[in-house]
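Single-structure report; data block below.
The values are calculated or read from the model by the stated rules, or taken from the named source; none is laboratory data. Because the structure is predicted, anything quoted here is derived from the model rather than measured. Neighbour counts are summed over all protein chains in view; Cβ atoms, including those assigned to glycine, are modelled from backbone coordinates with ideal geometry.
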Amino acid sequence: MRVWPKLTHLLLLSCVSLAIGSANSALADDADKTLAEIRSGSEAFVKAFNQGDAPAVAALWTKQGEYVDSSGQVFSGREAIEKEYATFFTQHKGVTMHVAIDSLRMVGDDIAIEEGRAELDPSPAGTPGYTLYTVVHSKVNGKWLMASVRDKFVAKPSNYDSIADLEWLIGTWVAEERGAKMVSVCRWVADKSFVERTYTTTHHDGTKTSGVQIIGWNPMTKSVQSWDFSPDGGHAVGLWVPIDSGWRANMQGMTGDGTVTTSVNVLTRLDDNAYSWQSVDRTAGDVALPDSDEVVVKRQ
């Protein structure tokens, strides 16, 4: 009987299988470690971007690396890339980036490709959207760096085009009148389909009131419309009509106690950092009210 040779053969096969399994496991661990290093580099880019640190951003590229933006403009080398990001950070102070990596794969021992989506907050002026990006990572002297980055802008479904004239309102505004101070903040919501204006008024005795206004496109009336909600529980709807250098809003609503109100609010743009506001033709119930004073509102 040839029992031992068969047993030896089985033991040899078992050892070979274990060796192959261990090698495959080691390779998988190495690949996971490499991908983790690349992800760490991507996280470092987002951190440097959110800190507005142009030198730190550029240092994540290879010396001859290139960046191609959504318009097709090419920036070659760290110096050009740093200059471009420095300009962007100067023009967009406080902007942050959110990134989602959709794919990260090795295509060689020292080459990897990353694909994902990036979005800025607050969204820059213009059509709302996000960026599809592709990064070619290269390992240089033991460190993973970006050799090439290409961006492609993708627009989001939005009513932005219908209310793009309100873009200049985005920001923080301050007005003072008769000892009272009002601070209002305008921001885009719902992918730039609406402008949300929140306001807080500090009265001369130190008390505060607040409210909110939503401005957007009404597809039924084919016009800009606003919805106002007051601190007393009242509300109003405004039909906005464009005029020279501004808007006229025909308002209808009611106070918290049910009194019907009407008014015409006139907003006149003075320049990029100031506008005037006045409420005229005002009524409360059957009573005519005097026009309000014209107030100049300034960008903070």
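Tabulated data for the structure shown
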quantity	calculated
Qualifying residue in the range 208-217 (condition: buried (at least 18 other Cβ atoms within 10 Å of the Cβ), among the polar types (S, T, N, Q) and at pLDDT 95 or above)	yes
Residues within the range 128-150 that are in contact with a Lys or Arg (Cβ under 8 Å, 6 or more places away or on another chain) and not in a strand (DSSP E or B), tallied	1
Strands (runs of 3 or more DSSP E) wholly inside the range 23-110 containing at least 3 residues that are loosely packed, with under 12 Cβ neighbours inside 10 Å	96-108
Members of the range 257-292 found to be over 17 Å from residue 199 (Cβ atoms) and not in a strand (DSSP E or B), listed by number	257, 258, 259, 272, 273, 285, 286, 290, 291
The listed residue being modelled with pLDDT under 95 and either at positive phi or not polar (S, T, N, Q) (or both), out of 83, 93, 47, 63	93
